[in-house]
Structure formats: C-alpha cells, structure tokens
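Student: Dropping the structure in here first, questions after.
The values are calculated or read from the model by the stated rules, or taken from the named source; none is laboratory data. Fair warning: this is a prediction, and the values are worked out from it, not measured in the lab. Ideal geometry is used to build each Cβ from the backbone, glycine not excepted, and the neighbour counts take in all protein chains shown. Please note that ligands, DNA and RNA were not included when accessible areas were found on the heavy atoms of the full protein model with its side chains. Shrake-Rupley method; radii C 1.70, N 1.55, O 1.52, S 1.80 Å.
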Amino acid sequence: MNRKYNPHEIEEKWQLYWEKEKTYRVTEDPDKKKYYLLEMFPYPSGNIHMGHVRNYTIGDVVARYKKMMGFNVLHPMGWDSFGMPAENAAIEHGIHPSVWTNENIEHMRKQLKRMGFSYDWDRELSTCEPEYYKWEQLFFVWMYEKGLVYKKGGVVNWCSTCQTVLANEQVEAGLCWRCGNEVTEKHLDQWFFKITDYVEELLEYCDKLSGWPERVLTMQKNWIGKSHGCEIVFPMADTDDVIKVFTTRQDTIYGATFMLIAAEHPLVMELAKGKSCEGEVSEFVERVKRQDRMVRTSDYYEKEGVFLDAYCLNPVTEEKMPIYAANFVLADYGTGCVMAVPTHDQRDFEFAEKYELPLVVVIDNPESPLVAETMTEAYVDEGILINSGPFDGMENLKALDNIAEHLESIGRGSKTTEYRLRDWGISRQRYWGAPIPIINCDKCGAVPVPEEDLPVVLPRNVELTGEGGSPIVRLDSFVNTTCPNCGGPAKRETDTMDTFVESSWYFDRFCSADCDSKPGLERKKTDYWMPVDQYIGGIEHAILHLLYARFFTKMLRDFGVLGIDEPFTNLLTQGMVCKETTRCKQHGFLLPDEVKEGNCIHCGKPVTIGKTEKMSKSLKNVVDPDYLIKKYGADTARMFCLFAAPPERDLEWSDQGVDGSFRFLGRVWRIVMDYLEDIAEIEPFNDATELEGDLKNLNKKIHQTIKRVTRDIEGRFHFNTAISAVMELVNTLYQTPRPEKGDGTALSVIKKAIESVIILLFPIVPHITEELWEIIGGKEKLSDISWPSYDEEIASEEKITIVLQVNGKVRSRIEVSADESDDTIKEIARNDERIQKFIGDKAILKEIYVPKKLVNIVVK
RNA sequence: GCCUGGGUGGCGGAACUGGUAGACGCAAGGGACUUAAAAUCCCUCGGUGCUUGACACUGUGAGGGUUCGAUUCCCUCCCCAGGCACCA
C-alpha cells in the first residue's frame, strides 16, 4: 500500500465517523474530572472567517488534549443569533431576519463541521429562539422584582430620516451611517440593569481571577474606575441652598476659587432663571448638547463656559466663588458639579486663564516655589500645603484624610467613593432581539409579564423597511394586550434587549441545553460543569461581554440558580489574524486573488503592498477558509493557524507558510507509508532492551518530544513550539538509517516513533492522524486513546555539553558524561587547549561553575 | 496624556527560574534523483573582517547600570500595537 495524502477524502471520512458515532457527546460523569472548554460563540454572519478558524482551532486542540488526558470534556457550540446585521439584510434584500439568520447558521455549521472541531453538537443553541430567550425574560422578571431593573429617561442617537435609534458606532462624525443625515438626540425611557449593585464584588474579584491576562483585568478595573474622595458641600452665597461636589483632591480645597457645573445639569438653568444672563446661558447649554454628539470623535475640545451670575462660598475659606456652566464637566459623574482649583488642575487652569479667574497656590513645589502670577500650567505633582490654614506645612497626600475629617467635623463634607461604571442600558429600539417582558398600563405603570405567560415571543409576521423604527411598534396584535394587574387595556413594551444579554449566560445554558423547565438551567448540571475552565476569544470583548457575563453569574448565583461566583476560571485572548493589504491605483483595495504576480488582474498595473492589518472585508485582505480547505484541507489550515504564532499574539498570514504546513503533513504521511510494510506486524518499542547509536538517539528523541509537547500544550498553550518539537522528531526519523527488514528491535523503535508522531499531532490535525493510525493498524480509534507518557531518564542526555568561558565569553565547549563530577569538569575546563590559550599567563581571579552548564574563568 | 502589551536574521518566530542567542518553519543558495521539469531527499544560511579557521570582532530598538556573565533584572529614552481618554 502506498497511497497519496488526500486530505479531502480522509477528512470527510472521519468527520462523518465522528458525527455518526457522536464521539464528542458528553454527559455528567461524577467519576471523571470535568473540563469545560468554551470558545466565544459566533454571530451567524453567513461565513466563518479566519478569526473563527484560529479561535476555534486553538480551543479544539485544548479540548482534544484534555480529553486524552482523561478529562470529561464539555466543548459546545452555538449561535449569538440576535442582532442588527439580520435587520440590515432584511432591509436590503427583503428577506426576513429569521430566515436570513437560520440560513447562515446552516451554512456556518457545515463550515465548522468541515474544520473537524470536536463539538458536542447535541448542545447547540441559538439565542434567537424562544426556547432560549424565554429564560432570559424570566431572569428579567426576577430582576424587576428584586429592583435590579429600572426605567430611566436617557438620551439616544436618533436619525429622524430613518426613524431609528443608532448605536454609537453608527454615528459617523455626527451623521447617520446609512442616510448621511444629521443625528440628533432623543429622550427615551430606557431599561437599565443595575450592574452597579455588584460593582464592588466585580472589582474585588478582579484580584482573584489569577487565570486571566493581566491586561484584561486592568481594562476591567479601569472601566469600573473606583476612586476614593470626598463629597463637599458648598453653601450658596445668597440663599440657603448648597452645591455638592465630588472630589478626590480635597487637599486642594483652600485653592478652590470657582465652581463648575455640567452644562446639561438642571441646576444650570435653575440658577440662571430670570437673570439677565438667562438667554446667553440657555443658548450655551443647547450648543453644548449639540456639540456633544460630534466631540466624542475629536481629540481636542476647547474649554468653554458661561457665568451664571451666582456665587457660592468656599466652605473652608468662606471666599465667594463664581459659578459657571462648563462644557467639559460630565453630568453623570459624581454630582455633575466640580470645585475648580486652577493652580493644581490643568483643565481648571485653562478655564481660569480664559475667563480671568483668581489663582491661589495651595501646594508648593518643594524644589522651586510657585508663584501664581507666573504659572503657565497647573502644578499637579506632590508638594507641601500652603495657604491652607491649619494644614500648612503638611505633605499634600498625607493631608487628604485630615482635611476630609475636618470637613466632616464642620458638617461640610463626607468621605465617599465614586465609580466610573454606569448601569447597563439594555433597551434597543430594534426588532431583531429578545422582547422585554413588560406591559405598560396607563393605570398601573410598567407591569412585568407574569412568569406563566412567558415567553413573550417576538412576532415574525413583520416587514422591515428601514423606516419608522421597529416594525413591532405598529403591530397591533403584538402591542395591544391587557394589564396583568388590573385587566384593563395595556400596551406591550416594544423595546428589545441588548444582544449582550444573551451572551451573558449562554455558557450556563450549554450545561443543560435542552432543559425546558424553570429556570432553564439545571442546577445539578451547572454545578457539575461550571465554571468554564478555559474560555477563549478575542480581546475586543475584554470589557463589556466579560463584565456583563460576570455580573449575570453573580446575579444568578444570588437567585439560587448557580453555585459559583465567577464564570470563567481561565481566559485566553487570542490575537487577530492579519494580512498585508494590496492596492491598485485604479481599482482600490484588491482581494488576494485579484493580484497576479504583483499586478492587478483588472488593469495589469502593478499593485502597492500596504501595511499588515487585521483581515477585514473593507481592506479586502481576507483569506477565505473555504478556499483554504479546498486547496489544502482542514488539517493544513489548523496546522498553520497554530504554527505561525503563539495564540495570544497576532498572526500574520503567509501563503508560503501555509504551503510549508501542508508540506510537513505530506512529509509525515510519506514516512509512515515508507515504513508501512516493515512495521505492520511489529509492536512498538517498550524500553525493555538496551539500545545503541542512532536507535538510542531516536528513542531518546521520542521521550524528549513527548515531554516538550506536553509541557508546551499543558502549561501555556504554545502550540507553535509543540509543533516544532514534533517536526524535530520527524526530522530525526528521516535521518535515522533505515533498519534491515528482519531487525525487529530497530523496527519497533521506528514504530514507536511513528506512533508518537501520530498521537502527539492528533489534537492539532485530527483527520490525517486518525487515518494514519488506522492504516498502521491501531486497534482503538485515536480519539479514544490517552496522551502518551515519557520516561524522564530516557529523555535525559547522558552526554552534556559544558560551555567554557573566559571573562564571560564563550571560548570552547566540552562534552562530558552527565554524571561526571564537578571537580573533574572544572579540571578538564582549565586544561582545555583553547582555554589555556586565552588564559595565557594571566592570573586566574575567579572560577564560576554552573552545574552541568558552564565554567567561566575570570582572569586579569 | 495615562494604562497594558511588544521591538530578536531577508521573514514568522525559539531561548524553562540571569548561563551555548537565532530551535522549528518560510524565503534564498547549492547538491542528489530525473531525458527534463515538478515533487521529493540532503547540505548551507545574522553581520563584518581576514590569516578561510576548532578564527577574530560584532550582534536581541538606543544609551547607561547591576553581575564573572544580561534577549532575560534596574533606570532613562525612542518606536509600534491595543485600551482608556476632560472621571474632578
């Protein structure tokens, strides 16, 4: 038998086999240690892309490896199937979102199966199905009862032409991405999840998630943005009212010379009311509100304000402080009011310069005293307090507490904590999402849909035109209902939920995907499987998705549904798949197959090679996984994705690199075919006999390779070096002289080497290895085989190379047997001819010996 | 501006806790096989210099430092990528 490597035939054969045998179906098994491996599920956009291929290949290797290590591995897959692209497709192509979505799922499922991923497809879920989102609606109702959901007026981006709400990323320089009209803001009642109730726990656990990348945790901590400070009360100069501010810099209170209020703050118009400045102020406020839309994208924002013709008093100096409305103060952070200390805050400094407001230095620079009149920027470093009454002479940082206490004692302040994190606005004025289970009654207000009436099914008999907002708003049969409370006529909520809600608990649902009784999650099963042992996905979800999922986990725990605090024990954020861009002067960005020998296929002119960027449709630097599978097969695609870079780093696509991976698989295939007849009846070497020369060397290499591959996969997911190790073993195999046909011992070592290559490569390239395993007569299926072990002694070298240095420079190397005594090694080193040459007649000052590694002789 | 990562051959990348820099692969060059080509198998491959060697010097973004010894630790700076960005 001497067949050629035909990836398609064997890949489809084994995929069919795994599917038929349900090889990767799992159930809870209390006798086995569980391992829950999860990759972030995809949005069914229609086609898998290289990012998916990479993400899911990484996961698949770990899943298969863990299974071989004896774990009961849960490795599920599903679809994050609500969301806007379906609506856009409906508008553009007149196809219903559900039809479009399900067609995409069909196609993508086929693509994933063609990659040979080891999913338990029996657990497949799709979030746009009522069987899924009904439980989410149940959670919503529970949250409502517990006060974890509330409705609040909020501002949204609104396109009056499209009659629709736009997400921030759909607003391009203040214009609607679709029609190009100006985006305005609209006040709408929106539903919020009270994630801030869990803010402390979310922050605290950041320090306990030792299996997460540091940068993700920092991003989450920054996003939560906890700061300790003080709420300080400023009395109004002329009335009994007060203005409260939040500050972390109460040490600068004696330097607060004016007050700033966010332009949108209601207090602004209140203060200006009836005064001569009212007109000017309201004009300013309106302008800032409009500006706010655009400014998010611009990097420089001129600080502006308007005097409100009002004063308050500095609570410690009793000095009068003019009050301004300002464009750079945030209305929803702290109290929306800020005490301005121009000498020690750069923003306040710029503002004071512009409006000629007084400067009082209260922290002096210990190196060169500050003079208010000559300052060109705020002094924001540490220093010694001056002009600060009883606190003069103290170091400013040390005075923070004292000043806070002082303010408390005079009843003008208290220590507080602020967070940057806001509650999670989940209302979307969109059709393709899970309906919010609320009924609005004129008499009773918002009433949650009774549990027994769930799910509120999203009606499918609608037509999307892109105008007039969500079509269910006009669907009387949906909207008109009766109030569950009073029985009177009422209207259903037509907002749907943010799709981040579905992805906040899908990993729980995978544990009991077919559960149809309340609450849709079987406690016994989630207790067995959760938390996810290894979660893998893109860094782009470092903040929102992961934070929301953590929040949901804690909340469901408090509902008694889950028994865990955190959903993901270990997190791996894989890098992006990048490729160089190619561009033709005339035809713009070109797809890889629009370029032939450096020229554009449309006009024949040379193309310019641009910089390497994340693969994206708009840059056309994409490689189609289907094409790759067609040309090389899934195993090559998997192999290249793993070999080209470690998983957490960006992967630069290289067609030649793919070729190289394919060649390697061919090399493996050929060596097996080459030895096939000779080793057919031979048992693999069992380390019972003593070996010599090349065979001993090969056997040692086998053990070393198992060791390295195990370490590289187990500890750090460095599949690239794991593959290198196997490549070395294959190279050694090629270099080992071919044994005589009758030489049973030699052939048994060869067989052992071949088996090892096959088994070690199985998690990476499962098809070719299953096939080779079958061809060489493996009795079990490879997918049922355990990970091989190695013998540390056989793996160790008996001859070691000792590096000889003189003054830290490598001058010679010697080979000694591994058990040679230290003294002898040093002796040999000193007498080494080349070392002698470098020592000459110089005096030996020192001799450093690193056991089994090197000798360094220091001379002068 | 702040916070994370990261800068190593022509390229992707190795180097475990300070101890042989460049594993493995790609590209390139050479050889073998072949009527020939492809495929395959084997060899060479950081730079410079010459006395062409078991040679010398140099080399991990730049400059300093610690050390017998630094890609690895410390300080300063430059560049790249990502995140946050008026959060008081």
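Student: In Å², and per residue, what accessible area does chain A have when probed at 1.4 Å with the other protein chains present?
Tutor: Per residue, chain A has 46 Å² of solvent-accessible surface.
Student: Identify the trypsin sites (Lys or Arg not before Pro) of the stretch A:31-121 meeting these criteria: DSSP loop state and at most 15 other C-beta atoms within 10 Å of the C-beta.
Tutor: Those that pass, being in a loop and sparsely packed, are A:32, A:33.
Student: If the limit is 25 Å between Cα atoms, which of A:67/A:134; A:110/A:631; A:113/A:701 go over it?
Tutor: Beyond 25 Å between Cα atoms: A:67/A:134; A:113/A:701.
Student: What number comes out for the charge environment of residue A:713, summing +1 per Lys or Arg and -1 per Asp or Glu over other residues with Cβ under 13 Å away?
Tutor: +4
Student: I need the calculated FRET efficiency for the pair residue A:205 and residue A:32, taking r as the beta carbon distance and R₀ as 30 Å, to the nearest 0.05.
Tutor: Calculated value: 0.60.
Student: Further question: Averaging sequence separations of C-alpha pairs under 8 Å and six or more residues apart, then dividing by the length of the stretch A:737-860, give the relative contact order as a whole percent. Please report the intermediate quantities before stating the final value.
Tutor: Numbers: 131 pairs, mean separation 23.3, N = 124.
Worked out over the stretch A:737-860, it gives 19 percent.
Student: Ok, one more. Picking from A:446, A:481, A:471, whose Cα lies most toward the positive end of the charge dipole for the stretch A:428-493 (charges on Cβ: Lys, Arg +1; Asp, Glu -1)?
Tutor: Result: A:471.
Student: Please give me the summed charge of the neighbours of residue A:855: other residues whose Cβ is under 13 Å from its Cβ, Lys and Arg +1, Asp and Glu -1. Provide the component values of the computation, followed by the final result.
Tutor: Numbers: positive: A:809, A:811, A:813, A:826, A:830, A:834, A:846, A:852, A:853; negative: A:820, A:822, A:823, A:827, A:832, A:847.
Charge balance near residue A:855 sits at +3.
Student: In percent, what relative contact order does the stretch A:68-155 have, based on Cα pairs under 8 Å that are 6 or more apart in sequence? Walk me through the numbers on the way to the answer.
Tutor: Values: 52 pairs, mean separation 31.4, N = 88.
Reported relative contact order: 36 percent.
Student: Taking every DSSP beta bridge that has both residues in chain A, what percent is antiparallel when rounded to the nearest 5?
Tutor: Expressed as a percentage, antiparallel bridges in chain A total about 75.
Student: Something else: Can you pull the three principal axis extents for the Cα set of the stretch A:42-139, in Å, largest first?
Tutor: 49, 35, 18
Student: Using 7 Å Cα-to-Cβ label points, what is the residue A:789/residue A:214 separation (nm, one decimal)?
Tutor: About 3.6 nm, to one decimal.
Student: So how strong a dipole does chain A carry about its Cα centre when Lys and Arg Cβ are +1 and Asp and Glu Cβ are -1, to the nearest 20 debye?
Tutor: In debye, rounded to 20, chain A gives about 2320.
Student: With axes computed from alpha carbons, what is the tilt in degrees of helix A:544-558 against the longest principal axis of chain A, rounded to the nearest 10 within 0 to 90?
Tutor: 80 degrees
Student: So which GluC sites (Glu not before Pro) in the stretch A:725-779 pass both tests, a DSSP loop state and at most 14 other Cβ atoms within 10 Å of the Cβ?
Tutor: A:740
Student: Could you give me the radius of gyration and the Dmax of chain A, taking only the C-alpha atoms into account and expressing both in angstrom?
Tutor: Taking only Cα atoms of chain A, I get Rg and Dmax of 34.5, 109 Å.
Student: Here is a follow-up. Taking 20 Å as the cut-off for C-alpha to C-alpha distance, list the pairs among A:826/A:852; A:320/A:415; A:809/A:842; A:443/A:491; A:13/A:707 that go past it.
Tutor: Flagged as over cut-off: A:320/A:415; A:13/A:707.
Student: Among the aspartates and glutamates, select those whose C-alpha is under 18 Å from the C-alpha of residue A:837, and discard any that sit fewer than 8 residues away in the same chain.
Tutor: Those aspartates and glutamates meeting the cut-off are A:827, A:847.
Student: Anything over 25 Å Cα to Cα? Flag those among A:696/A:853; A:34/A:524; A:194/A:614; A:596/A:617, in the order listed.
Tutor: Numbers: A:696/A:853 23 Å; A:34/A:524 14 Å; A:194/A:614 35 Å; A:596/A:617 20 Å.
Pairs exceeding 25 Å: A:194/A:614.
Student: Sticking with this one: Between residue A:20 and residue A:486, what's the calculated FRET efficiency when r is the beta-carbon distance and R0 is 60 Å? Round to 0.05.
Tutor: 0.60
Student: Write out the GluC sites (Glu not before Pro) in the stretch A:663-723 meeting two conditions: DSSP loop, and at most 13 other Cβ atoms within 10 Å of their Cβ. Don't jump to the answer; show the numbers that get you there.
Tutor: Values: sites: A:677, A:681, A:690, A:692, A:714; in loops: A:681, A:690, A:692.
Counting only loop positions with at most 13 other Cβ atoms within 10 Å, the GluC sites (Glu not before Pro) in the stretch A:663-723 are A:681, A:690, A:692.
Student: In straight Cα distance, which aspartates and glutamates are under 18 Å from residue A:398, not counting same-chain residues fewer than 8 positions off?
Tutor: Hits, sequence-local ones excluded: A:251, A:364, A:381, A:382, A:408.
Student: Let me ask you something else. Evaluate E = 1/(1 + (r/R0)^6) for residue A:451 and residue A:110, where r is the Cβ-Cβ distance and R0 equals 41 Å; express this FRET efficiency to the nearest 0.05.
Tutor: E between residue A:451 and residue A:110, to the nearest 0.05, is 0.60.
Student: For chain A, what's the relative contact order in percent, using C-alpha pairs closer than 8 Å and at least 6 residues apart? Write out the running numbers ahead of the final one.
Tutor: Numbers: 1522 pairs, mean separation 113.7, N = 860.
Taking the mean separation of contacting Cα pairs over the length of chain A, I get 13 percent.
Student: Which lysines, if any, have their Cα less than 18 Å from the Cα of residue A:354, not counting same-chain residues under 8 positions apart?
Tutor: Within the straight-line cut-off, residue A:354 pairs with A:303.
Student: Next up: Per residue, what volume in Å³ does the Cα convex hull of the stretch A:536-623 take up? Display every interim value, and only then the final one.
Tutor: Working: hull volume 9.7 nm³, N = 88.
For the stretch A:536-623, the hull spanned by Cα atoms encloses 111 Å³ per residue.
Student: To continue, here is another question. For the stretch A:227-418, go through all pairs of different Cα atoms, get the mean of 1/r, take its inverse, and jot down that Kirkwood value in Å. Please report the intermediate quantities before stating the final value.
Tutor: On the way: mean 1/r = 0.0586 Å⁻¹.
For the stretch A:227-418, inverting the mean 1/r across all distinct Cα pairs yields 17.1 Å.
Student: Now a separate question. Could you list the square roots of 5 times each eigenvalue of the Cα gyration tensor of the stretch A:799-859, that is, the equivalent ellipsoid semi-axes, sorted largest first and rounded to whole Å?
Tutor: 19, 11, 10
Student: First compute the accessible area of chain A with a 1.4 Å probe, then give the percent of it belonging to carbon and sulfur atoms.
Tutor: With neighbouring chains kept in place, the figure for chain A is 48 percent.
Student: Around residue A:392, what is the net charge, scoring Lys/Arg as +1 and Asp/Glu as -1 over all other residues with Cβ under 14 Å from its Cβ?
Tutor: -2
Student: Among A:317-324, A:252-259, A:152-159, A:704-711, how do they line up by average Cβ neighbours within 10 Å per residue, starting with the highest?
Tutor: For the peptides A:317-324, A:252-259, A:152-159, A:704-711, the packing ranking is A:252-259, A:704-711, A:317-324, A:152-159.
Student: Using only the Cα atoms of the stretch A:214-265, what semi-axes does the equivalent ellipsoid have when each is the square root of 5 times a gyration tensor eigenvalue? Give whole Å, largest first.
Tutor: 31, 13, 9
Student: Set Lys and Arg Cβ to +1 and Asp and Glu Cβ to -1, take the dipole of chain A about its Cα centre, and tell me which of A:818, A:661, A:351 lies farthest positive.
Tutor: Of the candidates, A:661 comes out farthest on the positive side.
Student: Once you have all Cα-Cα distances for the stretch A:577-651, histogram them in 10 Å bins from zero and send the whole-percent values.
Tutor: So the P(r) values, bin by bin, are 19, 42, 32, 7.
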